[in-house]
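Participant: If you scroll down you'll find the structure; I have some questions about it.
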C-alpha cells in the first residue's frame, strides 16, 4: 500500500480516480492540453479542490499546483502512478446472481479496465459450471485453490446479506486485503483490510429524500 | 422537497438512510430497545456523528439528542418521516442491458423497497417486448406517454456513456427531477434536478489504490 494511505482520505482518492477518468477521455479524443477553466466548465470540477487534492501527493511541485494549463498526457501519467493504475490487478467475484453476472459481464466488456475479474464462484448447483462470458462459475469450495493459483488482489462480494460476512471471512482468510461488497449489511473486517461498500438499496433510499416534493 | 434540503449535506442523508436500514433490521428481529453503545459496536456507528446528524433535523429535542438508549420503533418512525420513506415512490429505468436488468430484477425481489421500478425502456429492437420479471421492455419513444400515465418521481439511467446525456435530457424534459445515473460520464443537469451517480468503473478504479501493496 502506498505511503500516503493513512494521510489521504477516501474522498480524495475517489476524486483523483475521477480526474484520471476525465483525462483518459480527453486523451482518446486527442486533446493535448486542457485548461483549468475547461475542466471546471466541461466536467464540473472544483478548481480549488482539484489543486488541494493534487497537493496531497508528493508528485507535484508548487509551480505545477498553480498551473492554469495542463498537458493531458503528463498529468494522466502522474495520476496513474499515484493511483497505482500502471499495473493490472486481478479480482475474484463470489455470487453469480444478477448483480454478480452484470458486473462480470460489464467488466469483460470494458477493454481498458485495470481490474479484471478472473474467476467467479457460487454455491448454487444450477449455476456451477455455467458461463458468464468466458468465465465458468466454480463452487465456493474452490476459492482457496484458485486464490493460490492466480493470487488476486481484490475480492468482490455479490452474495445475499445472509452469507456476505461468511464470504468476507473466507476471502480474508485466504489473504485478500481489498474487498468490494454489494450486500446491504455491515460486514466486519480487520483493520488491515480495505472494505468498500456499494449498497444499491441504500442508494435508492437516498433518492427518496430528494424526490419528496 | 423538504425544507431542510439546502442546509443538509448529502453525506448526512446517506448516513440517515443507513441508520434507518439498521433500525429496520433490528425491528425484524423484534429488538425493542437499542443502546448507543450497541449501535457503535455492532454496526460501526460513530456516536458523536450520529447525534450531530440527528440534530440537523427539527424532529429531535435536546433531551433525545443526548439519549443513551433508543426505542427502535420510535426512532425509526422519525427517520422515516425525515427521509420521506412513508410513501412509496415510482421509478422508470432507461437501458435494459445487464446493469439495468440486474437492477430491475433486484428491485422486484426486494419486498419492502420504497422505490419501485414501474417501467423499463430500451431502443434495441431485440430487447423491446421482452420481459424483466413482470415488466415488458418498451421503446424509449414511449417515455413521455408512460411518464404522463404513472407520474414517476425517479429516473434511472443504465444506458451507455454515449447516450446517457441524451436520456437524462429526455427524462428532465418530461418533468423528472431525481436521477440515478450508472453511466460513467459527467451528465449535465439543471440546478433544480438532483443527480446521483453510481459509477462502477470508478468504484473499481478506487480499489486499485488500496490494493497496491
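Each row is one residue, and each column tells you yes or no for (1) at pLDDT 95 or above; (2) within 14 Å of chain B (Cβ to nearest Cβ); (3) touching a helix residue (DSSP H, G or I) at 6+ places or on another chain (Cβ under 6 Å).
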site	(1), (2), (3)
A:136	yes, no, no
A:145	yes, no, no
A:171	yes, yes, no
A:181	yes, yes, no
A:191	no, yes, no
A:200	no, yes, no
A:208	no, yes, yes
A:211	no, yes, no
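Participant: Right, another one. Being modelled with pLDDT under 95 and within 22 Å of residue B:14 (Cβ to Cβ) narrows it down to one of B:160, B:77, so name that one.
Facilitator: B:77
Participant: Still on this model: Residues in the stretch A:51-64: is at least one free of Cβ contacts under 8 Å to residues at least 24 places away in the same chain and within 15 Å of the chain's Cα centre (by Cα)?
Facilitator: No.
Participant: Another question about this same structure. If you go through the stretch A:74-128, how many residues are within 20 Å of residue A:180 (Cβ to Cβ), more than 11 Å from chain B (Cβ to nearest Cβ), touching a helix residue (DSSP H, G or I) at 6+ places or on another chain (Cβ under 6 Å) and without any contact (Cβ under 8 Å) to a residue 60 or more places away in the chain?
Facilitator: 5
Participant: Further question: For the stretch B:139-160, which residues satisfy the criterion of being surrounded by fewer than 21 Cβ atoms within 10 Å (Cβ to Cβ) and either farther than 11 Å from residue B:95 by Cβ or not assigned by TED's automatic domain parsing to the domain that holds residue B:196 (or both)?
Facilitator: The answer is B:139, B:141, B:142, B:144, B:145, B:146, B:147, B:148, B:149, B:150, B:151.
The values are calculated or read from the model by the stated rules, or taken from the named source; none is laboratory data. Computed from a predicted model, the values in this text were never measured in an experiment. Positions of Cβ are backbone-derived with ideal geometry, glycine not excepted, and every protein chain shown enters the neighbour counts.
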